Every structure is written in C-alpha cells, then in structure tokens.
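See structure below.
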There are 2 protein chains.
Amino acid sequence: MSLVLDAAAQDLLFRQARTANTFTDEPVTEEQIRAIYDLVKYGPTAFNQSPLRITLVRSPQARERLVQHMAEGNRQKTAAAPLVAVLCTDNEFHEELPRLLPHFPQAKDMFYAQRPVRERSALLNGALQAAYFIVGVRAAGLAAGPMNGFDAAGVQKEFLDDDHTPLMVVNIGKPGENASLPRSPRLDVDEVVTTV
Amino acid sequence: MSLVLDAAAQDLLFRQARTANTFTDEPVTEEQIRAIYDLVKYGPTAFNQSPLRITLVRSPQARERLVQHMAEGNRQKTAAAPLVAVLCTDNEFHEELPRLLPHFPQAKDMFYAQRPVRERSALLNGALQAAYFIVGVRAAGLAAGPMNGFDAAGVQKEFLDDDHTPLMVVNIGKPGENASLPRSPRLDVDEVVTTV
C-alpha cells in the first residue's frame, strides 16, 4: 500500500527478478540495449558525471578473450550467455562535465582536478549506474548475471585502457533451465535501518 | 517497444523522476521506508553481502548535528526536507555472510579476510544498494535528493563508528515548488556503449 509502483513492476524489477546463471539461446538485440540505456541514463549521479561505460562482448573471439580472465566458476556461464557486458568507469569523466553540467562547468576543476578523487567518485557513481543498468535489463524482460569474480587487471588490459577501471561483468539473456539458486535471505529492515 | 516495464513505471522511476531540492511538508512515514526497503532489499549484491546501512535522521537535534557537516549549498535543503537518510557501508559485512550466503559460508574468510578488500567491495556493492534505494524512494511516489557534498569524516564521527563509511546523504519527500533544475544532458548511447 505504501508503494505507488504497480505490483507487476515490483515483481519484474525486484521481487521475482533473479540473478541468472543459465540462459536460453534467444539473442539480446541492439534495440534492447539501446532501450535499456535510454531509460536508465536518467538515473542520478553526482554532478551528472555519468562515469559508466559499457563494452558489449559479442564476437566469439572477444568472448574467448574475456572468458580466460573470469574466475573458474564464472567461465562456463560467461561463455554461454547470449550477451556479456563489461561495465567500467571512465576515470577521466571530468572532461565531459562542461557539457554534462552546463550550469556549473567549474565542477570539472573545483572538484575533480585530482585523479584519486575522480577514481573514488567514478567507482561510487559508476556503481550507481551499474545498478540502474541491472534494473534496466530487468525492465526489458531479461535477466542479468552480474559478476565480480574476474581478473580486473587482465580484463582492463584486454579490453580497456589505463583510464578505465572494470566494475563488473554482466551476463544478459532470458533465463534458462535451473537459472537461479534458491533466493538467499536478506537482512531484516530493523538490522539495516536505524533512526536518530 | 523493447522494454517490458510499462510506460507509467518507466516515467515514475526514471523518465519523469527528478532529483529534488525542495519538498512539501508532507511527512515520510515509517511504513513508507519499510515498504521501500522490503522491495529493494532483493536487488543483487556480490555474494549477497548487502553492506548498505541506513540512518534516518528524524529528530530536530540530530538534523542540526547533520546539517553542520553538509556543504554550504546543501544545508538549507537538508534542514528543510521531511526526512533525511545517511547511507553508509558496513565494512564488517562479512560477519553476516554465513547467514546471508548459507550455501557458501567460506566466502567470509576466502574473499573478505582483508579489511581493504572489504572496504572496496562494500563501497561498490553499497553503492549498488544506494541506487536500488533511490529507485525504491521513487517507487513510493517520493523524490530523492542524493548528495555527496558533506564532510564524510564529520558525519562518520557524529553518527557512525570506525566500521561504517558514509556513502551519501539523501533528502526524501514530495517535491515542492521549483524542486528541480532543468534536466542536464545525458551522454548518447554511442558515447557509452561499444561492441567488440
């Protein structure tokens, strides 16, 4: 009763959505990825810095190059998923700020002149955008399989450059047979929320 | 056409939702916060680590203690918002892992024995949960005003302890008059997504 979002949308995005480990063969199209991005790009980031970048690993050759850097338990599903996305941060995001934050172009130099400041901010805000992206994948009727188990330096060297830090790798597709483990317990609200 | 989520939900969560800087006087209730948490707690984190913790700053005394640590441009709106939440990470989240990840209790010691490893993982996964929380606030028909502009050490000392790192402060309520700036531009999909 306290939520305005309709129950079907609650189920689609959170209650029935599950991390998938197996997928059907149905392809994930460019149109779907564009529709997902064009929805979740509106999620807020600090100073609208929008540091998330996405590499879609589509060709068999590129998929093989990625799989070798995945943790052993993540290799088979990453090789088999209809689509795999490497999410990373652009640590030089401040170069775009005069365009992204036209009413406050000084933010580029006032807040983000130092690379370590940018890296932490890109990690925090890139992770916000990664979560919006996962929600967006679900909004497209697809399942996401986000993974942190990979050799980050290897993935960076293979697909990115020194200015881009891998955040996570996400398998994407329609869930297949036995796609998910039973749902693990969550913390109770009273363990997470305190009032002062 | 590529999204399954209905258009009203797309608008509520992303397209028409905006970061708010002013709010009406309408209170944000415990029931609303519980409903938000009980929806977004299902959002995925690595090993279900669920490191986000939320402090609701409700009493006038606590609000005053918080406002003094906010950046000047954030003080007035933080003092006036119906509810303010301090979002932080629990860097000792691994203590809960045997309960949160019953099928793989070794994760606690195999992956998270080292505090720096936990801190980075809590930052990444806590930020994912912060984004789910922002989406949840919107799902309740409320507006969020997330802020990074505050003295993190001051907020930590005032409300938390050495094991909890502030992530962001979020004003919450129904948007008031002139609540938002005009929407800033977003990067085009072709600037963000590349295919290999």
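The values are calculated or read from the model by the stated rules, or taken from the named source; none is laboratory data. Not measured: the values here are computed from a predicted model. Cβ coordinates were reconstructed from backbone atoms using ideal geometry, including for glycine residues, and neighbour counts include every protein chain displayed. Heads up: the accessible areas ignore ligands, DNA and RNA and are worked out on the full protein's heavy atoms, side chains in. Shrake-Rupley method; radii C 1.70, N 1.55, O 1.52, S 1.80 Å.
When you scan segment A:9-27, do you find a residue that is under 15 Å from the mean Cα position of the chain (by Cα) and more than 14 Å from A:I172 (Cα to Cα), even just one?
Yes, that holds for at least one residue.
Taking the condition among the charged types (D, E, K, R), modelled with pLDDT of 95 or more and closer than 16 Å to A:L52 by Cα, does A:R120 pass?
Values: among the charged types (D, E, K, R): yes; modelled with pLDDT of 95 or more: yes; closer than 16 Å to A:L52 by Cα: yes.
It is true that A:R120 is among the charged types (D, E, K, R), modelled with pLDDT of 95 or more and closer than 16 Å to A:L52 by Cα.
Quick one: which residue in A:G173, A:G141, A:G154 is crowded, with 19+ Cβ neighbours inside 10 Å and either away from every other protein chain (no Cβ under 11 Å) or not basic (K, R) (or both)?
Working: A:G141 fails: crowded, with 19+ Cβ neighbours inside 10 Å; A:G154 fails: crowded, with 19+ Cβ neighbours inside 10 Å.
Answer to the check: A:G173.
Give, as residue ranges, the strands (runs of 3 or more DSSP E) completely inside segment A:131-196 that count at least 1 residues that are among the polar types (S, T, N, Q) and in contact with a Lys or Arg (Cβ under 8 Å, 6 or more places away or on another chain).
Working: elements: A:143-147, A:164-173, A:193-195.
Counting at least 1 such residues, we get A:164-173, A:193-195.
For segment B:25-40, what are the residues that are more than 7 Å from chain A (Cβ to nearest Cβ) and loosely packed, with under 14 Cβ neighbours inside 10 Å? Walk me through it before giving the result.
Within segment B:25-40, the subset more than 7 Å from chain A (Cβ to nearest Cβ) is B:25-30, B:36.
Correct list: B:D25, B:E26, B:P27, B:T29.
Could you tell me whether B:N148 is farther than 27 Å from B:E31 by Cβ and open to solvent by less than 40 Å² (accessible area, probe 1.4 Å)? Working first, answer last.
Working: farther than 27 Å from B:E31 by Cβ: yes; open to solvent by less than 40 Å² (accessible area, probe 1.4 Å): no.
No, not satisfied.
Hey, any hits in segment A:81-91 for a residue that's surrounded by 23 or more Cβ atoms within 10 Å (Cβ to Cβ) and of a type in the set (S, T, N, Q)?
Checked segment A:81-91: at least one residue is surrounded by 23 or more Cβ atoms within 10 Å (Cβ to Cβ) and of a type in the set (S, T, N, Q).
Say whether the condition of being under 20 Å from A:P44 (Cβ atoms) and at the interface with chain A (Cβ under 9 Å from one of its Cβ atoms) is met by at least one residue in segment B:97-109.
So the first thing to find is which residues in segment B:97-109 are under 20 Å from A:P44 (Cβ atoms), and the list is none.
No, segment B:97-109 has no match at all.
Residues checked against (1) in a helix (DSSP H, G or I); (2) touching a residue at least 60 places away in the same chain (Cβ under 8 Å):
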{"position": "A:V28", "(1), (2)": "no, yes"}
{"position": "A:I33", "(1), (2)": "yes, no"}
{"position": "A:L39", "(1), (2)": "yes, yes"}
{"position": "A:P44", "(1), (2)": "no, yes"}
{"position": "A:S50", "(1), (2)": "no, yes"}
{"position": "A:I54", "(1), (2)": "no, yes"}
{"position": "A:Q61", "(1), (2)": "yes, no"}
{"position": "A:R65", "(1), (2)": "yes, yes"}
{"position": "A:R75", "(1), (2)": "yes, no"}
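Taking B:V117 as meeting all but one of (1) in a loop (DSSP other than H, G, I, E, B); (2) over 27 Å from A:G43 (Cα atoms); (3) without any contact (Cβ under 8 Å) to a residue 12 or more places away in the chain, write down the number of the exception.
(1)
Considering only segment A:119-137, state which residues are more than 7 Å from every other protein chain (Cβ to nearest Cβ) and open to solvent by 10 Å² or more (accessible area, probe 1.4 Å).
A:E119, A:R120, A:S121, A:Q129
Kindly indicate which of B:S59, B:S2 is closer than 30 Å to A:A140 by Cβ and among the small types (G, A, S).
Details: B:S59 fails: closer than 30 Å to A:A140 by Cβ.
Checking each option against the conditions leaves just B:S2.
Please state which one of A:S2, A:S50 is at pLDDT below 95 and of a type in the set (G, A, S). Explain how you work it out, then say what you get.
Details: A:S50 fails: at pLDDT below 95.
None of the other options fit; the residue is A:S2.
Among the residues of segment B:4-24, write down those that are open to solvent by less than 30 Å² (accessible area, probe 1.4 Å) and of a type in the set (A, V, I, L, M).
Hits for segment B:4-24 are B:L5, B:A9, B:L13, B:A17, B:A20.
Here is a list of conditions, (1) at the interface with chain B (Cβ under 7 Å from one of its Cβ atoms); (2) under 18 Å from the mean Cα position of the chain (by Cα), and A:S184 meets all of them except one; can you say which number that is?
It fails just one condition, (2).
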